[in-house]
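First up is the structure itself, then whatever we jot down about it.
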Amino acid sequence: MANWYAQLASQNFNSFHQWNSLPNGTGDWLDTEVTDYSTDTFYTNGKIFTISTDLTCAKLICDVNFFRFAGTGLVIHADIENNTQYSSIDIQPNSDVTIFGDLIANGTENGAICMYQDNTTLNLYGDIIATGDYSLGVQLTGMTTFANIYNGTLMAEGEYASCVFSAQYNDVANLYINNCTLIGGTGFDANAIRLEDGSCIIENSTLIAGTGSFCEAVKSMAFPAILNGCNMISSEWSMPVTGSMVYAPNPDNYWEIWGNPNPSILALVPDAANLKKGIVCGNVTGTLAPASPFRRLNRFV
């Protein structure tokens, strides 16, 4: 396990003499011919550099300045932590990157990853944790930027913080979430998802309101959020969703309403066997056949 510090600005990750074991460059140099640094941590160290090949490491940390992803089909196995206030990790135009790891934003106001370039896609398999006031995990500002998030927990801690923030005008959903837990914050107006514009599709997930005020898991202030097969849990001060939504639950989904001392659990749709044939409720189509009218007539014969 080792820490490495960038030494060259505007160069690639695997450039010769890019990484040194000491911030001032007087330590050992990294062998950049190796591609598996699964126990190593890399710091930007005030430099801006580009990652254009697949990479496996323990963590990438932005302490001062940032790095860029450039290329198609990039696969990154690493946790990514941004500790800067304004420097954002960038995905270059016509690039797509898949990250297997957690994204941590510590007070990063422009987004730990800011997607403002054209034709960019982020696929994230992991958690997003946004801590600190005004902190943003992923910011979507480009018209042709798309983020897909799977199998993670999205949690915002800090006033006005958000794990994913979208301010773009786009009637096509630019955010897709599947099999995740979305949790609002404990402060004020902190959300897992905050859509000032744009839309999202959330499937097979649980939306949990935060314990703070206006700390919904999803805040949708423009186009409806599309929710398929999701559970909802409210808190004393917040609902799981605010704004417009299109909600299609499954039979096993529920809505938990806060109550003192005990919450109320609402079943949202009946199962198919108890719903009239052909009737659609949520994601359920009824299979219960109506009684035959001829059987009713036979009673009077």
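General observations
- Residue identified as more than 27 Å from GLN85 (Cα to Cα) and touching a residue at least 12 places away in the same chain (Cβ under 8 Å) among LEU30, LEU55: LEU30
- Residue among PHE146, PHE165 that alone is in the same structural domain as ASN231 (by TED's automatic domain parsing) and surrounded by fewer than 21 Cβ atoms within 10 Å (Cβ to Cβ): PHE146
- Qualifying residue in segment 10-24 (condition: buried (at least 21 other Cβ atoms within 10 Å of the Cβ) and assigned to a strand (DSSP E or B)): yes
- Residues that are farther than 12 Å from MET232 by Cα and at pLDDT below 70 within segment 248-274 comprise VAL269, PRO270, ASP271, ASN274, listed in sequence order.
- Residues that are assigned to a strand (DSSP E or B) and modelled with pLDDT under 95 within segment 202-217 comprise just one, SER213.
- Residue satisfying all of: in segment 28-38; loosely packed, with under 15 Cβ neighbours inside 10 Å, part of a loop (DSSP other than H, G, I, E, B) and more than 29 Å from the chain's Cα centre (by Cα); modelled with the highest pLDDT among these: ASP28
- For segment 61-84, the tally of residues that are β-branched (Val, Ile, Thr) and either under 14 Å from SER38 (Cα atoms) or part of a strand (DSSP E or B) (or both) stands at 4.
- Residue identified as more than 23 Å from PRO251 (Cβ to Cβ) and among the small types (Gly, Ala, Ser) among GLY229, GLY142: GLY142
- Residues being in a loop (DSSP other than H, G, I, E, B), under 15 Å from LEU124 (Cα atoms) and β-branched (Val, Ile, Thr) - total across segment 173-201: 0
- Any hit, segment 109-117, residues being modelled with pLDDT of 95 or more and farther than 14 Å from GLY137 by Cα: no
- Condition broken by ILE80, with the remaining ones in (1) more than 26 Å from LEU207 (Cα to Cα); (2) buried (at least 19 other Cβ atoms within 10 Å of the Cβ) satisfied: (1)
- Boolean, ASP189 is closer than 14 Å to ALA130 by Cα and either modelled with pLDDT under 95 or surrounded by fewer than 24 Cβ atoms within 10 Å (Cβ to Cβ) (or both): yes
- Flag for ASP54 being outside the structural domain of TYR116 (by TED's automatic domain parsing) and under 23 Å from the mean Cα position of the chain (by Cα): yes
The values are calculated or read from the model by the stated rules, or taken from the named source; none is laboratory data. In this text, all values refer to a predicted model and were calculated from it rather than measured experimentally. Don't worry about glycine lacking a Cβ; one is built from the backbone with ideal geometry, like all the others, and counts go over all protein chains shown.
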